[in-house]
């Protein structure tokens, strides 16, 4: 589902500019499938499905396939319109080192929203 | 409502400063006002300022019956924090918030004002209606409830390795409804992007830790002080369920607003007024 993430993020010059000081590796979990995302200076460098066990990453954001489908609707329903709405309701989890996530929160929210209406 | 000049338009809103003492400390409070009639005092959300009410302050359909007044709490907007702020942690409490509002209204000689507050402002109006019903003509709680479980660690809002303004704005950005116009979404977020360090966190002390009114809202006598509660369906901080539960205890009907989030008056003012105008009409009639 995230095959187009690189194009969507790297094609958004303003998003890349806002992430220019960010280099990080994290996981987006969609149902049972993990996707390892590597960010280098604001660009999505790699998107790797099902990384090997114990591949290093700083934090993970996970939700069910259905929750992400709702989240990526062009106009999401209440409760699926924001990652924190989903974590508060228990539809998503964010775990790991929160510092890079919170220090670049707008970037990560925009990255997560990039597939909205696109997949 | 605007006045045309040679080169631009001057709004009718007038901004002034009021010097008074709150909790024994001199404070210089910035407020804006427009209109004439029933005083309508507007309380901004935690970590932002009274700019949120600029649309109400230029709404001709309101200003012909209401004197709209919106002030910045100390440390917010153009109200400086009190002297000595640099050596202490800012913490808002029910007691301090209540005193600030009552002293402000008394200093302006407002007679039985209507108090309208959003979020933490919506929380405190419940306390005002319960504790001081004779002072207020009515209260309107926007995104208001008697309590919310704390659901995240507030320390992220003020620490040196995370930009405070950026994180506060990014955090609350999801509370704006997806349907709200981009222009007003980002105007709303500017209040957070530009707020002082630790201010949002200190306000949230009141909101999360010092305003559990669950046992008290049932005591509100709406004959003495009518209460109106209005909440946007996209608000996952103060959820429609939180507001409905609170309204049921008070014995009133809550208004759940479609396609609005946590900041109705600033995120989508035109849409919000379709819900607000009937409430104001009812208050004006009473």
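Any read-out appearing in this document is the output of simple, stated calculations on the displayed coordinates, not a laboratory observation. Given the structure is predicted, the values throughout are model-derived calculations rather than measurements. Neighbour counts run over all protein chains shown; Cβ positions are idealised from the backbone, glycine included.
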Out of A:67, A:45, A:13, a Gaussian network model of chain A with alpha-carbon springs under 10 Å gives the largest mean-square fluctuation to A:13
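Could you work out the mean count of beta carbons from other protein chains within 10 Å of each residue's beta carbon in A:77-86?
6
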Once both label points are put 7 Å beyond Cα along the C-beta direction, the residue B:14-residue B:91 separation in nm becomes 4.0
Label model pair residue A:116, residue A:54: point-to-point distance (7 angstrom along the Cα→beta-carbon line) in nm is 3.9
Proxy exposure order for B:234, B:85, A:21 (fewest C-beta within 10 Å first) is A:21, B:85, B:234
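Take the alpha carbon gyration tensor of chain B, find the square roots of its eigenvalues, order them as a ≥ b ≥ c, and report rounded if a/c is under 1.5; if not, report prolate when a/b exceeds b/c, else oblate.
Details: a/c = 1.16, a/b = 1.05, b/c = 1.11.
Cα axes put chain B in the rounded bin.
Translational D (Stokes-Einstein, µm²/s) of the protein assembly as shown at 4 °C and 1.567 mPa s when Rh comes from the Kirkwood sum over C-alpha pairs? Intermediate values should be presented prior to the final figure.
Details: Rh = 22.3 Å.
In µm²/s, the coefficient is 58.
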What the 5 Å binned alpha carbon P(r) of segment B:1-52 shows, as percent of pairs per bin from 0, is 4, 14, 16, 22, 20, 11, 7, 3, 1, 0
Under a Gaussian network model of chain B whose springs join Cα atoms within less than 10 Å, the largest fluctuation of B:19, B:112, B:158 belongs to B:19
Note to self: C-alpha centroids of segment B:144-174 and segment B:1-68 sit apart, in Å, by 27
Inter-chain shielding metric for B:263-274, i.e. average beta-carbon neighbours from other chains within 10 angstrom, reads 0
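Using Cβ contacts closer than 10 Å as the measure, can you line up B:119, B:173, A:6 from fewest to most? Walk me through the numbers before you get to the answer.
Working: B:119 29, B:173 20, A:6 16.
Ordered from fewest to most neighbouring Cβ atoms within 10 Å, B:119, B:173, A:6 come out as A:6, B:173, B:119.
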For the residue A:41, residue B:223 Cβ pair and Förster radius 56 Å, calculated FRET efficiency rounded to 0.05 is 0.35
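Could you calculate the FRET efficiency of residue B:245 with residue A:13 from 1/(1 + (r/R0)^6), where r is the beta carbon distance between them and R0 is 56 Å, rounded to 0.05?
Details: r = 46 Å, r/R0 = 0.82.
E between residue B:245 and residue A:13, to the nearest 0.05, is 0.75.
What does the extension gain come out to for residue B:186 and residue B:215, with contour length at 0.36 nm per residue minus their alpha carbon separation? Write out the running numbers ahead of the final one.
Numbers: separation 29, 0.36 × 29 = 10.44 nm, distance 3.71 nm.
Stretched out fully, the residue B:186 to residue B:215 stretch lengthens by 6.7 nm.
Suppose R0 equals 25 Å. What FRET efficiency, 1/(1 + (r/R0)^6) with r the Cβ-Cβ distance, do residue B:107 and residue B:285 give to the nearest 0.05? Present the calculation step by step, with values, prior to reporting the outcome.
Values: r = 29 Å, r/R0 = 1.15.
For residue B:107 and residue B:285, the calculated efficiency is 0.30.
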By the C-alpha gyration tensor axes a ≥ b ≥ c (rounded if a/c is under 1.5, else prolate when a/b exceeds b/c, else oblate), the shape of chain A is rounded
Mean-square fluctuation maximum in Gaussian network of chain B, Cα pairs under 10 Å, restricted to B:232, B:61, B:191, hits B:61
If each part is reduced to its alpha-carbon centroid, segment A:32-99 and segment B:234-281 end up apart, in Å, by 31
So, with points 7 Å from each Cα along the Cβ direction, the residue B:161-residue A:1 label distance in nm works out to 3.1
Gyration tensor on Cα atoms of segment A:42-110, a ≥ b ≥ c root eigenvalues, a/c under 1.5 rounded, else prolate if a/b beats b/c, else oblate, says prolate
Quotient of Cα radius of gyration and Kirkwood radius for segment A:1-58, i.e. Rg/Rh, equals 0.98
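Note the per residue figure in Å³ for the convex hull of the C-alpha positions in segment B:73-193.
Values: hull volume 17.9 nm³, N = 121.
Each residue corresponds to 148 Å³ of Cα convex hull volume.
Order of A:50, B:143, B:11 from fewest to most other C-beta atoms within 10 Å?
Working: A:50 11, B:143 30, B:11 14.
Placing the least packed residue first, the sequence is A:50, B:11, B:143.
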